[in-house]
Amino acid sequence: MSAVSSSTEQSLASVVVVDYGLGNLRSVTRGLERAGADVEITDDPAAFEAADGVVLPGVGAFREGVENADPLREDLLAVAERGTPLFGICLGMQMLLTSSEEGETDGDSAVQGLDLIPGTNVRFAEGQKVPHMGWNELSVEREHPLVEGVAPRATENPSGRSPRGGSVDGNYAYFVHSYYAAPDDEAATVATTDYEREFPSIVANESGNVFGTQFHPEKSGETGLQILRNFVEICADE
């Protein structure tokens, strides 16, 4: 694994993107830079400790993610314990929870996530089209600094046209996943999305410094950029 640094002219905060072999590191880095962060991609725990915030990205299967990140488990838990903002994206968000149904049908033994937001990751119901892929709407359910400036409820979309073209009002984000978070505590849900059932699309722990998005904010247009800006501001305030 490598350490790659990049900077902006007027950095608001220093952010580490965790390199554990899985994740869309470059696009996440570019999104964070646009949001005003000085970004380092690394697996060095010393960098985690020095940073204003830490991002845990991820694409792929829960088991592979947990096993790849396992050498850094205690270091990531220490980030949360110190009160440093820890932001999980997509698989990274699922890894913040305790467990996942993924792999159980294949006879795999259970692997444990970071357990920073108690709960499990559940597969969409049989018969639903998976993965849930593409643009979908966010509904903010409660206040959290990560969703500052993101409207609580978007307007109706009678046209059905894609937000990529800028023709739809509301808060849309880009998803690619077959499992969704089911936190033990309903209060952990910050925002939800409807895909034949309502599921948590943003979650956070009780103290508010550990949070995650099921969608990819770096691929989610202005709404995603607003969320990344909010994260950088959270980091700057710490």
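The values are calculated or read from the model by the stated rules, or taken from the named source; none is laboratory data. Keep in mind that this is a model prediction, so the values were computed, not measured. SASA here: full protein model, heavy atoms, side chains in, ligands and nucleic acids out. Shrake-Rupley method; radii C 1.70, N 1.55, O 1.52, S 1.80 Å.
Brief remarks follow.
- Calculated [222 nm] ellipticity per residue, helices only, for the chain: -6500 deg cm²/dmol; basis is -39500 (n - 2.57) per DSSP H run with n ≥ 4, divided by all residues, nearest 500.
- For the chain: rounded, prolate or oblate by the Cα gyration tensor [a/c cutoff 1.5]: oblate
- Solvent-accessible area of D115, all protein chains in place: 70 Å² (probe radius 1.4 Å, heavy atoms, ligands and nucleic acids excluded).
- GNM flexibility winner over the chain from A35, A47, A110 (Cα, springs under 10 Å): A110
- Surface share of carbon and sulfur [accessible, 1.4 angstrom probe, percent] for the chain: 44 percent
- Summary of the geometry: region 21-54 and region 112-126, compared by the centres of their Cα atoms, lie 24 Å apart.
- If you wrap region 164-238 in the convex hull of its Cα atoms and look at it from every side, the mean projected area works out to 5.9 nm².
- For the pair S207 and D237, the difference between a 0.36 nm per residue extended length and the Cα-Cα distance amounts to 9.3 nm.
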